1. Just to check your reading of the model, which residue among A:Pro133, A:Pro170 is out of contact with any Phe, Trp or Tyr (no Cβ under 7 Å at 6 or more places or on another chain) and either within 10 Å of chain B (Cβ to nearest Cβ) or polar (S, T, N, Q) (or both)?
2. On the basis of being within 14 Å of chain B (Cβ to nearest Cβ) and over 20 Å from the mean Cα position of the chain (by Cα), does A:Ser98 make the cut?
3. Would you point out which residue out of B:Leu368, B:Leu356, B:Leu362 is among the hydrophobic types (A, V, I, L, M, F, W, C) and either within 15 Å of the chain's Cα centre (by Cα) or within 10 Å of the ligand (Cβ to nearest atom) (or both)?
4. Filter region A:44-80 for residues that are among the charged types (D, E, K, R), surrounded by 15 or more Cβ atoms within 10 Å (Cβ to Cβ) and either touching a residue at least 40 places away in the same chain (Cβ under 8 Å) or farther than 15 Å from A:Pro133 by Cβ (or both) and give the result.
5. Out of all the residues in region A:137-153, is one or more more than 21 Å from A:Phe46 (Cβ to Cβ), open to solvent by 10 Å² or more (accessible area, probe 1.4 Å), in contact (Cβ under 8 Å) with a residue 40 or more places away in the chain and within 11 Å of another protein chain (Cβ to nearest Cβ)?
6. Taking B:Pro280, is it surrounded by fewer than 24 Cβ atoms within 10 Å (Cβ to Cβ) and within 16 Å of the ligand (Cβ to nearest atom)?
7. What about B:Glu101, is it modelled with pLDDT of 95 or more, open to solvent by 10 Å² or more (accessible area, probe 1.4 Å), assigned to a helix (DSSP H, G or I) and closer than 18 Å to B:Leu204 by Cα?
8. Among the residues of region B:56-93, write down those that are at the interface with chain A (Cβ under 10 Å from one of its Cβ atoms), hydrophobic (A, V, I, L, M, F, W, C) and more than 27 Å from the chain's Cα centre (by Cα).
Amino acid sequence: MSAREQILASIRAARERRAQVDHPGRFGAWRPEPAPSPLHGFETMFTQAGGEVVHVSSSAQRDTWLREFLSGFDELSLGVGVPAEVAGLGPTPVPHGSEHTAPAGVAVARAAVAETGSLMMDARDGRRAQLLPPILVVLVDATTVHATLADALGAVRADLPAAIGLHSGPSKSADIGQVMVKGVHGPGRVIAVVAQAGLGAYRHASERPSERE
Amino acid sequence: MSGNSSTFRPASYREASARTLRDTPEVRDSVGSATRTFDALRTKAYAEVDSDRWRDWAQDVKAHALTHLDEYLEQAEQSLVANGAHVHWASSADDVHRLLEAIVVEHEVRTVVKAKSMLSEELEVNAHLDTLGVRSVETDLGEYIIQLLGEPPSHIVGPAIHRSLEDCRALFHEELGTPMDADPDELAAAARAALRGDFLAADLGISGGNFVAADTGTIALIENEGNIRLTTSVPRIHVALVGIEKIVPRFEDLAGFLQLTARAATGQPIGLFVSLIQGPRRADEVDGPEEVHVVFVDNGRTALYEDDTAWEALRCVRCGACLNICPVYRQTGGHAYGWTYSGPIGAIIAPGLLGLDRALPLPHASSLCGACVDVCPVRIPIPELLVHWRERTVEEGRNSVGERLAMRSYAELAERPSAFSTAGEALRWTPWRAVGKALPVLSGWMQEREAPTPSPKSFRDLWREGIE
Ligand code: SF4
């Protein structure tokens with residue numbers, strides 16, 4: 001018998017003796033505090049975990065902030081979904097595959113989650129660009145902030161890439177003598193640039209006509 | 001059968017715990033402080049939500065998944081294959097070793113980066129890769145520390161909690177050349193720099209899996225450092241080793257488990273990085289592994305599943321909350337337990353995964369205080385399962401000769417009223433202070449305690465005279 005058959009056969013034999021339990025249904029938020037607005041909730045949770053949030057309400061404001069912030073770096077890694085007009089605001093982007101040499105990067109979130117303060121990062125935006133730069137700026141469309149994680153997962157399940165990352169703050173570890181340190185492997189500084197509803201600049205790469213290679 | 005490995009030694013638990021307490025008393029301080037911190041954070045995190053409701057829900061989803069496990073495993077396999085992943089089934093550690101060997105040979109793998117996985121510790125993957133001439137690098141900071149030290153993990157969530165900052169300074173000074181007074185940030189930066197090269201050079205990344213959603217074929221992984229995301233994103237090949245009990249039915253179920261596990265383990269609302277992996281890189285993606293292999297591992301889990309009491313332990317999400325609160329674990333940390341899973345959860349799954357013979361005396365390494373069941377996110381009745389294994393030990397005649405003799409003599413006495421009364425009389429007139437100090441075991445107990453003075457009359461005499 002193959003390992004597969006062996007495993008399934010022993011489960012089937014023992015299962016006969018187990019009282020079947022029904023699935024209890026969808027996970028609810030179930031917490032005493034009423035949930036704040038998704039945007040407010042996201043900001044609270046994300047900053048509590050050490051992330052930073054910048055709000056922009058126009059594309060001009062967004063561009064001004066990015067131009068100034070990115071002027072401090074000589075190289076940049078870019079997520080595939082970063083709009084062309086934004087890509088031009090910073091220093092020369094490194095080619096895909098060289099993200100590890102960039103001191104900072106810009107990526108785009110597919111969505112965000114208030115309940116957990118998470119940015120939902122889609123593999124189609126480029127996984128290296130989400131992980132290798134020590135400082136990461138993530139563009140978030142305010143209309144994509146879901147109240148709960150269950151909502152967010154439900155919203156993307158019909159169109160899943162090879163991998164989704166939920167990033168809920170900068171990389172941390174307390175493995176060295178139980179002292180908290182930041183930026184161990186993933187980005188040590190993460191800034192979510194939240195574009196107010198209506199700006200609508202950030203659609204997922206696969207939903208946009210190709211703007212850059 | 002399961003646990004073919006030779007290095008696991010739960011049988012030496014008594015000597016090993018005595019040795020830890022005697023020779024390395026600082027371990028108790030490090031473990032005590034880390035576990036108390038974890039536990040305080042968990043308490044706070046549970047209080048922020050309706051944790052009773054969360055735990056009921058999680059218990060039910062796991063029980064549902066386990067009572068339909070064959071169906072969900074098959075569904076998960078189909079979904080993963082449809083996503084382009086390779087699915088393998090392994091009965092034992094040997095099966096896993098053979099599979100890894102085939103991948104290593106086919107792809108000429110020289111360096112492997114590893115994301116913390118207790119299953120890979122259980123399967124002794126690193127030692128096997130070593131025999132194949134493959135360099136395997138643990139990338140979780142805690143795992144990296146213990147790999148450099150040549151030690152096994154001492155806690156399922158914080159593998160290096162038995163090591164102090166001073167220990168890490170000395171280690172990193174030797175291995176990475178950092179100054180002896182380096183602060184933790186400098187130490188972490190040195191490790192990051194060293195490991196970055198390994199991530200970029202590795203051909204293969206090996207991870208575990210916290211959960212597998214059957215409907216979408218999603219492997220979910222929880223962490224805080226970002227090393228798991230890198231391990232599963234940068235190398236050409238990714239192998240995920242997952243126990244067959246890790247299945248949850250639906251993708252949306254992950255919402256509950258990711259949050260509850262993080263709250264139970266470290267008191268966080270969610271791990272700072274979560275990976276939800278469906279399969280290999282797709283045509284419209286610029287990076288990610290070209291091959292993803294998912295291995296469903298038994299290695300003794302079906303033996304647990306077949307036990308009508310112990311199967312409940314398969315709900316475990318490996319959060320470590322039961323270790324953090326356990327007064328016995330807190331004394332020694334995990335090394336004394338002699339294998340991958342320590343503390344209360346280790347004691348209840350060892351008899352299934354290693355066989356009862358090899359697991360003894362772990363089910364006895366507990367005072368049955370019940371603190372663990374109060375914190376467990378999936379409500380595993382840990383003390384009941386400990387008692388279950390103790391009963392099985394007796395039923396199968398695996399308890400010690402001394403214990404069996406003592407029980408048999410007591411039974412004989414209890415069946416003969418006159419002998420029972422004579423024995424009681426004799427006990428009441430025994431000079432316990434002197435005798436106790438002369439006997440093994442009791443002498444240790446009596447160092448701190450005084451034996452009570454026996455009543456001049458037996459209970460039976462008092463009963464006969466009439467109790468007022
Ligand atoms: S038995 Fe419960 S508390 Fe212990 S590690 Fe498993 S899930 Fe956590």
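1. Exactly one of A:Pro133, A:Pro170 is out of contact with any Phe, Trp or Tyr (no Cβ under 7 Å at 6 or more places or on another chain) and either within 10 Å of chain B (Cβ to nearest Cβ) or polar (S, T, N, Q) (or both), namely A:Pro170.
2. Judged against the criteria, A:Ser98 is a match.
3. On the way: B:Leu368 fails: either within 15 Å of the chain's Cα centre (by Cα) or within 10 Å of the ligand (Cβ to nearest atom) (or both); B:Leu356 fails: either within 15 Å of the chain's Cα centre (by Cα) or within 10 Å of the ligand (Cβ to nearest atom) (or both).
Only one candidate qualifies: B:Leu362.
4. Once the filter is applied, which keeps residues that are among the charged types (D, E, K, R), surrounded by 15 or more Cβ atoms within 10 Å (Cβ to Cβ) and either touching a residue at least 40 places away in the same chain (Cβ under 8 Å) or farther than 15 Å from A:Pro133 by Cβ (or both), region A:44-80 yields A:Glu52, A:Arg62, A:Asp63.
5. Just the residues of region A:137-153 that are more than 21 Å from A:Phe46 (Cβ to Cβ), to begin with: none.
For region A:137-153, residues more than 21 Å from A:Phe46 (Cβ to Cβ), open to solvent by 10 Å² or more (accessible area, probe 1.4 Å), in contact (Cβ under 8 Å) with a residue 40 or more places away in the chain and within 11 Å of another protein chain (Cβ to nearest Cβ): absent.
6. On the way: surrounded by fewer than 24 Cβ atoms within 10 Å (Cβ to Cβ): yes; within 16 Å of the ligand (Cβ to nearest atom): no.
It is false that B:Pro280 is surrounded by fewer than 24 Cβ atoms within 10 Å (Cβ to Cβ) and within 16 Å of the ligand (Cβ to nearest atom).
7. Working: modelled with pLDDT of 95 or more: yes; open to solvent by 10 Å² or more (accessible area, probe 1.4 Å): yes; assigned to a helix (DSSP H, G or I): yes; closer than 18 Å to B:Leu204 by Cα: yes.
Yes, satisfied.
8. Listed by number, the list holds a single entry, B:Ala85.
The values are calculated or read from the model by the stated rules, or taken from the named source; none is laboratory data. Only a predicted model underlies this, so the values are computations on that prediction, with no experimental measurement involved. Positions of Cβ are generated from backbone atoms using ideal geometry, with glycine treated the same way; all protein chains shown enter the neighbour counts. Heads up: the accessible areas ignore ligands, DNA and RNA and are worked out on the full protein's heavy atoms, side chains in. Shrake-Rupley method; radii C 1.70, N 1.55, O 1.52, S 1.80 Å.
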